[in-house]
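Below: one structure, written as structure tokens.
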Amino acid sequence: VGNYKRTVKRIDDGHRLCNDLMNCIHERARIEKVYAQQLTEWAKRWKQLVEKGPQYGTVERAWCAFMSEAEKVSELHLEVKSSLMNEDFEKIKNWQKEAFHKQMMGGFKETKEAEDGFRKAQKPWAKKLKEVEASKKAYHAACKEEKLAISRETNSKADPALNPEQLKKLQDKVERSKQDVLKTKEKYEKSLKELDNATPQYMENMEQVFEQCQQFEEKRLRFFREVLLEVQKHLDLSNAASYKNIYRELEQNIKTADAVEDLRWFRANQGPGMSMNWPQFEEWSADLNRTLSRREKKKASDGVTLTGINQTGEQVSQPNKHSSSLSVQSNTVQSVQSSYNPFEDEEDTGSTVSEKEDNKIKNVSSYEKNQNYPTDWSDEESNNPFSSTDANGDTNPFDEDTSPAMEVRVRALYDYEGQEQDELSFKAGDELTKMENEDEQGWCKGRLDNGQVGLYPANYVEPIQ
């Protein structure tokens with residue numbers, strides 16, 4: 001009696017399991033969304049870095065193909081997220097709403113119906129069972145009383161002090177006890193027989209209600225299986241034609257990388273085959289001789305005017321890229337640990353992972369393609385690409401004098417964050433090498449210990465004694 005509670009509780013558990021499955025799918029959808037966002041930001045940032053970096057030609061296109069792959073895969077994962085939330089999540093939510101009906105007083109209508117059905121089916125049998133228990137208890141009590149009366153009578157026969165009248169009472173007690181035992185036994189057997197007769201009907205009624213609960217649970221189990229199969233289809237990208245095409249296209253782009261073609265392009269555009277601007281006699285001009293500030297020079301160096309061009313070498317059909325400065329700034333790639341929590345609120349997109357990383361990584365490439373050659377090359381000037389320091393801040397193997405006399409070790413007094421590509425960044429207490437003295441605008445040229453060369457405010461450092 002009452003053991004049907006577990007079956008009834010299963011209905012409430014079914015409602016909770018729907019919530020659990022929805023939460024499970026919701027969390028996976030958020031993970032898919034965050035992964036898609038991270039792929040997009042990664043592709044955007046690295047595409048810019050590769051385009052600005054020193055890589056060129058077909059290998060550059062092959063490298064950029066990885067960023068295109070990330071963008072396309074990101075779109076697929078956003079589609080996965082959309083399918084999980086708009087189809088699977090909503091389907092479970094609607095099914096739960098249709099299958100479970102809440103009551104005004106709390107609980108579900110289905111739970112109450114099952115509870116009432118089991119109680120109604122069990123009530124007649126439970127009543128007979130109660131009668132059986134009562135008759136059994138009365139029969140056992142009569143047997144106990146009979147045994148006690150027999151024991152007293154036996155003991156009294158051995159007692160000479162007991163008169164015949166008292167002995168007669170004890171014997172009568174034994175006789176009545178035996179009659180009570182017979183009566184209670186008969187009643188017990190009768191009630192038990194009635195219970196046995198009622199048991200088949202009881203079992204049929206209880207099983208009927210139980211089967212109704214089974215059918216309700218079967219609907220939920222079949223529905224869960226159906227939903228899980230749909231979720232599997234939405235998550236499985238291995239059978240998606242577009243997913244396979246992404247990597248087929250990626251492989252083709254990588255295989256199109258041609259070292260011979262890239263070297264030929266570089267020779268024609270950056271090597272002996274490039275157009276030359278040989279020195280020619282130029283009249284003096286006050287405008288040309290005007291001293292420009294460092295900032296004005298930077299703005300004016302967007303291009304180089306070539307005069308007296310003699311076309312030499314084979315010109316390649318590939319679009320010409322900005323020439324690269326031979327003075328290379330070497331920036332160390334910093335590893336960034338993203339603190340983005342994929343389980344934060346789905347609508348919280350105030351700051352992306354890439355934006356957080358970009359605050360830490362200024363530039364991963366060793367230098368940018370859009371840096372221009374200086375037009376005022378001279379052996380005496382520090383920006384001569386063939387001077388004592390090469391692109392990586394190491395000594396030029398073709399120079400005899402490998403240690404400029406003007407280099408001085410200095411220590412930073414304050415923190416400084418470079419505002420432009422040709423400026424250094426350092427912390428108070430860092431040591432670096434001053435390569436040139438202060439100019440008219442108060443800037444010095446220096447080199448960090450990691451080889452990066454650039455400008456910094458002269459009043460931010462002091463010589464090391």
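Inspection of the stretch 74-87 finds a residue satisfying the criterion of being over 30 Å from Q421 (Cβ atoms), of a type in the set (S, T, Y) and assigned to a helix (DSSP H, G or I).
Number of residues in the stretch 57-76 that are of a type in the set (S, T, N, Q) and surrounded by fewer than 17 Cβ atoms within 10 Å (Cβ to Cβ) equals 1. The residues of the stretch 245-281 that are open to solvent by 50 Å² or more (accessible area, probe 1.4 Å), outside any helix (DSSP H, G or I), more than 26 Å from E71 (Cα to Cα) and touching a helix residue (DSSP H, G or I) at 6+ places or on another chain (Cβ under 8 Å) amount to a single one, M274.
Is it fair to say K168 is loosely packed, with under 13 Cβ neighbours inside 10 Å, part of a helix (DSSP H, G or I), at pLDDT 75 or above and charged (D, E, K, R)? Yes; evaluated as a whole, the condition is true for this residue.
Filter the stretch 92-117 for residues that are farther than 21 Å from K5 by Cβ and surrounded by 12 or more Cβ atoms within 10 Å (Cβ to Cβ) and give the result. It would help to see each step written out before you state the result.
The initial filter retains those residues of the stretch 92-117 that are farther than 21 Å from K5 by Cβ, namely 92-98, 104.
Correct list: I92, K93, W95, Q96.
Cβ-Cβ contacts under 6 Å between residues 6 or more apart (or on different chains), taken from a first residue in the stretch 408-426 that is surrounded by 12 or more Cβ atoms within 10 Å (Cβ to Cβ) to a second residue that is of a type in the set (K, R) and not in a loop (DSSP other than H, G, I, E, B), are listed as V408/K434; V410/K434.
Remark: pairs (first residue in the stretch 94-105, in a helix (DSSP H, G or I); second residue open to solvent by 100 Å² or more (accessible area, probe 1.4 Å); Cβ separation under 8 Å; 6+ apart in sequence or on different chains) = A99/K219. Considering the conditions (1) at pLDDT below 90; (2) open to solvent by 50 Å² or more (accessible area, probe 1.4 Å); (3) in contact with a helix residue (DSSP H, G or I) (Cβ under 8 Å, 6 or more places away or on another chain); (4) closer than 30 Å to L17 by Cβ, Q122 is excluded by exactly one of them, (2). Checking each residue in the stretch 172-200 for being under 60 Å from the mean Cα position of the chain (by Cα) and in contact (Cβ under 8 Å) with a residue 60 or more places away in the chain picks out only T199. Check off (1) modelled with pLDDT of 90 or more; (2) over 30 Å from N19 (Cα atoms); (3) of a type in the set (A, V, I, L, M) for L235 and give me the number that stays unchecked. Exception for L235: condition (2).
Here E218 meets each of (1) closer than 30 Å to P124 by Cα; (2) open to solvent by 90 Å² or more (accessible area, probe 1.4 Å); (3) out of contact with any Ser or Thr (no Cβ under 7 Å at 6 or more places or on another chain) with one exception, condition (2).
Quick one: count up the residues across the stretch 428-452 that are open to solvent by 50 Å² or more (accessible area, probe 1.4 Å) and touching a Cys at 6+ places or on another chain (Cβ under 6 Å).
Just the residues of the stretch 428-452 that are open to solvent by 50 Å² or more (accessible area, probe 1.4 Å), to begin with: 428, 430-431, 437-441, 449-450.
Checking which are touching a Cys at 6+ places or on another chain (Cβ under 6 Å) leaves us with 438.
Of the residues in the stretch 428-452, 1 are open to solvent by 50 Å² or more (accessible area, probe 1.4 Å) and touching a Cys at 6+ places or on another chain (Cβ under 6 Å).
Can you spot a residue in the stretch 178-188 that is closer than 27 Å to D13 by Cα and either among the basic types (K, R) or in contact with an Asp or Glu (Cβ under 6 Å, 6 or more places away or on another chain) (or both)?
Taking the stretch 178-188 as the starting set, the residues that turn out to be closer than 27 Å to D13 by Cα are none.
Within the stretch 178-188 (the criterion being closer than 27 Å to D13 by Cα and either among the basic types (K, R) or in contact with an Asp or Glu (Cβ under 6 Å, 6 or more places away or on another chain) (or both)), the answer is no, since none of the residues qualifies.
Which of the following residues is in contact with an Asp or Glu (Cβ under 8 Å, 6 or more places away or on another chain) and not in a loop (DSSP other than H, G, I, E, B): E175, E110, E145?
Details: E175 fails: in contact with an Asp or Glu (Cβ under 8 Å, 6 or more places away or on another chain); E110 fails: in contact with an Asp or Glu (Cβ under 8 Å, 6 or more places away or on another chain).
After ruling out the rest, the residue left standing is E145.
The values are calculated or read from the model by the stated rules, or taken from the named source; none is laboratory data. Just so you know, these numbers come straight off a predicted model, no measurement behind them. We place every Cβ from the backbone using ideal geometry, glycine too, and count neighbours over all the protein chains shown. All accessible areas refer to the heavy atoms of the entire protein, side chains included, with ligands and DNA or RNA removed. Shrake-Rupley method; radii C 1.70, N 1.55, O 1.52, S 1.80 Å.
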